[in-house]
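Structure first, then comments.
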Amino acid sequence: MNRKTAEHLDLSIHTKTRKNLPRELAISGLFAALIAAGAFIQVTIPVQPYPMHVTMQWFFVLLAGLLLEPKLAAGSVGTYLLIGLCGVPVFASGGGPAYLLRPTFGFLLGFLAAAWGMAVCCKQMRFSAAGRIVPALLGLFVYYAVGVLYFYMISNYVIAMPVGWKVVLVNCCLLTVGADFLLCLLAAAAAGRMRPAVAALMENACPSGR
């Protein structure tokens, strides 16, 4: 490849990247808005020391992880988290930087890790029914692992509100994981129907893979 051809190829890639950027930002913003809206569709479980919430946020995080590229999936959730930490009440119990000290904030961080992990997993797998359910279940595991660990660490070592592993596992996992598992199945089915439309938006209409 001569120098002129290489320069032309670099310019073409750069131009395509610039053209795709507004579309990517718009899609990330859309999913961030959906996740925020999902916080207001919730069922509260009144347990101590903190009530737990089953929300539709997880459903939209699943869709982001199953449908978007890793950087866009993580960017969508990251945008949502930044908006909430800046004080906009888009979390299940409000918003603001003080939310970092709330033990349940770990589940919001779990959204970020799960979305990125699911998107990476989907890139390596065929986009079939099984190829959607496996990443969704992987995301569920990551989401709960991060959330439970953060809850325990913040409660016991930061805000001095001691809580045992048994209470954490029951309140933060057993009471809510069943509903979130059903959302995994629902999102996997919905992603199959939404995939062509999202692929068209991203100018990547390949139906069999990412």
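The values are calculated or read from the model by the stated rules, or taken from the named source; none is laboratory data. Note that the coordinates shown come from a computational prediction; the quantities given were computed from them, not determined experimentally. No Cβ is skipped: glycine too gets one built from the backbone with ideal geometry, and neighbour counts run over all protein chains shown.
From the list Leu138, Leu149, the one residue that fits, being part of a helix (DSSP H, G or I), more than 16 Å from Gly106 (Cα to Cα) and at pLDDT 90 or above, is Leu138. If you go through region 156-188 and keep only what is in contact (Cβ under 8 Å) with a residue 60 or more places away in the chain and either under 17 Å from the mean Cα position of the chain (by Cα) or within 26 Å of Phe60 (Cβ to Cβ) (or both), you end up with Asn171, Cys172, Leu175, Thr176, Ala179, Asp180, Leu183, Cys184, Leu186, Ala187, Ala188. For region 152-185, which positions are among the β-branched types (Val, Ile, Thr) and assigned to a helix (DSSP H, G or I)? Across region 152-185, the qualifying residues are Ile154, Val167, Val168, Val170, Val177. If we scan region 120-134, do we find a residue that is of a type outside the set (D, E, K, R), closer than 23 Å to Val168 by Cβ and touching a residue at least 24 places away in the same chain (Cβ under 8 Å)? No, there is no match, as no residue in region 120-134 is of a type outside the set (D, E, K, R), closer than 23 Å to Val168 by Cβ and touching a residue at least 24 places away in the same chain (Cβ under 8 Å).
Here Glu24 meets each of (1) within 19 Å of Met202 (Cα to Cα); (2) at pLDDT 90 or above; (3) not β-branched (Val, Ile, Thr) with one exception, condition (2). Candidates in region 89-100 are the residues that are within 21 Å of Val142 (Cα to Cα) and without any contact (Cβ under 8 Å) to a residue 24 or more places away in the chain; of these, the one that is surrounded by the fewest Cβ atoms within 10 Å (Cβ to Cβ) is Leu100.
Sub-7 Å Cβ pairs linking a first residue in region 66-79 that is within 12 Å of Ala26 (Cα to Cα) to a second residue that is part of a helix (DSSP H, G or I) and aromatic (Phe, Trp, Tyr), at least 6 apart or interchain, are Ser76/Phe31, ordered by first then second residue. Against the conditions (1) touching a His at 6+ places or on another chain (Cβ under 9 Å); (2) surrounded by 14 or more Cβ atoms within 10 Å (Cβ to Cβ), Pro103 satisfies every one except (1).
Residues checked against (1) surrounded by 15 or more Cβ atoms within 10 Å (Cβ to Cβ); (2) more than 15 Å from Ala64 (Cβ to Cβ); (3) at pLDDT below 95:
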| site | (1), (2), (3) |
| --- | --- |
| Val120 | yes, no, yes |
| Arg126 | no, yes, yes |
| Val134 | yes, yes, yes |
| Lys166 | no, yes, yes |
| Cys172 | yes, yes, yes |
| Leu182 | no, yes, no |
| Ala200 | no, yes, yes |
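In the set Leu108, Leu66, Leu34, Leu62, only one residue is aliphatic (A, V, I, L, M), touching a Leu at 6+ places or on another chain (Cβ under 8 Å), under 19 Å from Leu186 (Cα atoms) and buried (at least 22 other Cβ atoms within 10 Å of the Cβ); that residue is Leu62. Across region 45-59, the qualifying residues are those that are under 21 Å from Ala189 (Cβ atoms) and of a type outside the set (A, V, I, L, M, F, W, C), and the one among them that is surrounded by the most Cβ atoms within 10 Å (Cβ to Cβ) is Gln57. Are any of the residues in region 21-43 in a strand (DSSP E or B) and hydroxyl-bearing (Ser, Thr, Tyr)? Among the residues of region 21-43, not one is in a strand (DSSP E or B) and hydroxyl-bearing (Ser, Thr, Tyr), which makes the answer no.
Would it be correct to say that Ala115 is among the small types (Gly, Ala, Ser) and either at pLDDT 95 or above or not in a helix (DSSP H, G or I) (or both)? For Ala115, the condition - among the small types (Gly, Ala, Ser) and either at pLDDT 95 or above or not in a helix (DSSP H, G or I) (or both) - is met.
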